[in-house]
Amino acid sequence: MKKIVFYIALSSIMSSIITIAAYKQYAKEESFLFPYTSSLAKTKWPSSNSSSLVSTTGFPDFTRVVSKTIHTVVNVKNYSKKYNNQFDPFDFFFGFPDDFGNSRGRKPQKNDIPGLHGSGVIISPDGYIVTNNHVIKDAEKIEITLSDQRTFKAKLIGTDSSTDIALLKINEKNLPFIYFSDSNKVQVGEWVLAIGNPFDLNSTVTAGIISAKNRSLGILRGETQSAIESFFQTDAAVNPGNSGGALINTNGELIGINTAISSASGNFIGYSFAAPSNLVAKVIQDIKKYGTVQRAYLGVKGMDLSKTEYLKAYNQETHQNIKSQQGFLIGEVFEKSGAADAGLKKGDIIKSIDEKPIQNVADLSFIVGIKYPGDKVKVNIIRNRQKKTFNVILKDLQGRTKIRTKEEIPPSELLGAIFEPLSQEYKRDFGIDYGIRIREIRTGRLNAIGLEEGDIILSINGKKMKKPNDVDRVLKKYSGDVTIKSMKQNGQVYIAGFEIN
C-alpha cells in the first residue's frame, strides 16, 4: 500500500514538473510574438462590466484605463514637399497641413517643410509604432513626439495601402506600449475610447460605443483595387489628426486604429471608423518578418446581396430572381485562382467561410485578409438553390501557395513596382540617356513616397538605372538608407528616400 501511495505521489510530482516546464517553454515562445497580445499581459485592467468603471456618482469612470494607455499614443508629423504649395481637400478627412491657418508668415527652413499631423500607437517597448499609411504617405521625414514631448526621427519599416496601415520605428527603449486585444470579440454597444491628437492637440481622449461592425466605405479603393475594408464604426469623437490613433476597450487594450470620419465638412459629426486590431496585427507582423504583406486571395469578384439596386440590375441582366439576402454573389471567378481550382462559379452565393457568416463584402475581405497563401478555407455556397461546400486553397496574386521569406522576395517587389526600359522616344522627350519607367505600381515603398505609374527612376543610391534588373542588382542584400532620384511626367526631378532592413 505504501508503495502505491509513493508511486502516485511521484507521478503527481513528475506531472507537475512537466507541466511547469511546458508552460515556461510556451511562455518563452509567446514572448516572441509581435505585436504583444493581451494574453501576455501580467495585469488585467477593469473589464467593461466592472464596478470600478463606475464612479461614486453612478457615471462611467475611465480614468484608470486612460492613465495606463494615454502615454502609448504619439504625435506623428509628416514632412513633405508635396504639401508645400497646395492643399488637398481630402486632407480634411485625415489631418491638416502645418501651415493651414497657422503659417504666421514663417518661411519653411531646410527639413522644416509643412506636412500633416496624425497619431500613432507604440506597440512594443523598443519603439515600434503603428499608424495609418495616409498619415506618412509622401513623407521625406517622419517625426514622432511622445506624450512627454520628447521628439524622435522615425524610420519607415513598411506600409500597406490595402489596409491603410504603416509600421514605424524609433530608437528608444523601455517605452510604454499597448497590448492588442482580439477584435473578433468586440461587440456592438460596448464602451470604447479613442486616443489621439486632433487638430494637433496632444493626448486627447474621447469616449463612445461601438455603433456597428464590418463597415465598408470604399475610401481605400482609390489607393488599390485590393483594398480590405471591415471597419468598426463608433460614435467616439474623432477629428482630423486622430488618424493612426488608438481605439481601446475598457481593459485598456487596442481593438482598432482610428482611420476615417464620415463628414462633409471634415470635422466629426457623429461617425468614425477604425481598422480592427486583428487585421492590423497581421499586417505589421508580415511587414516586420517578411518586409511585405503576405496576402492571400480567394480569386472572386462580385457584390453584396444587400445592395438592392445592384441586385435588381443583375436580375434583369441575367433573367434571374435572386432575392435580397445576406451573402456575397460571385460575378467573376479569376483564372488559375484558388476559387477556380476548387470549382466555384459565377452566380454562386457565398454564405460562410470557415463557418463564419458572410453578410457582405466587408466580411469576405476581412476573413480572407487575415489568411496566408497556402491556407485552406471551407466555403459554403448556394448554387441553383442547392447548398454546396468547397475546400479552397488560397493563393497570392502571382498564383503561389507558399509564404516567402525576405530572401526569396526580390527588392523590386518590395518596392511595389514593375519596371520597363526607357524607350528612345522617352529619352528624346526628356533629354536623358538613362532611366527605367514605372509600368505598374502596387502597394510598396515607391507608392508610399509618392511615385506613380509613368514616373522615371533615374538612380538608386547614386547608381544610374538603365534596365529593370538594375534595381535588384543595386538593392539585393542591401540594408540601410535608400535614396531614389526620379523624374515626374512633367519633367520635375524628385528625390525621396526610405530605409530597408
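A short reminder: the numbers here are calculations on the coordinates, not readings from a lab. Since we're looking at a predicted model, the values are computed, not measured. Because the Cβ atoms are built from the backbone with ideal geometry, glycine has one as well, and the counts that use them run over all protein chains shown.
Pairwise Cα separations in region 264-367 fall into 5 Å bins from 0 onward with the following percentages, short to long: 2, 10, 16, 17, 15, 16, 11, 7, 4, 1.
Region 289-317 and region 120-179 have Cα centres separated by 32 Å. Annotation for LYS378 and TYR310: the two label points, set 7 Å from Cα along the Cα-Cβ direction, are 2.8 nm apart. Compute the FRET efficiency between GLU335 and GLN187 as 1/(1 + (r/R0)^6), taking r as their Cβ-Cβ distance and R0 = 45 Å, and round to the nearest 0.05. In this case the efficiency is close to 0.65. A crude spin-label estimate for the pair LYS141 and GLN492, with each label 7 Å from Cα along the Cβ direction, gives 2.0 nm. Modelled spin-label separation between ASP472 and GLN386, with each label point placed 7 Å from Cα along the Cα-to-Cβ direction: 4.7 nm. Two numbers describe the Cα atoms of region 403-452: Rg and Dmax, which are 13.4, 43 Å. Working note: Debye formula, equal point scatterers on the alpha-carbon atoms of region 127-241, no solvent; log10 I(q)/I(0) at q = 0.17, 0.18, 0.23 Å⁻¹ is -1.09, -1.21, -1.50. Note: region 419-501, Cα convex hull, 84 Å³ per residue. Descending by average beta-carbon neighbour count within 10 Å, the peptides 370-379, 251-260, 283-292, 484-493 line up as 251-260, 283-292, 370-379, 484-493, the highest first.
Quick check on my link table: of LYS301/LYS323; LYS301/LYS356; LYS336/LYS376; LYS395/LYS477; LYS153/LYS477, which ones sit more than 21 Å apart, alpha carbon to alpha carbon? Listed pairs above 21 Å: LYS395/LYS477; LYS153/LYS477.
Overall dimensions of region 312-442, expressed as equivalent-ellipsoid semi-axes from the Cα gyration tensor (√(5λ), whole Å, largest first), are 40, 21, 12. Applying a threshold of 29 Å to the alpha-carbon distances of LYS137/LYS463; LYS289/LYS351; LYS77/LYS282; LYS371/LYS467 flags LYS289/LYS351; LYS371/LYS467 as lying beyond it.
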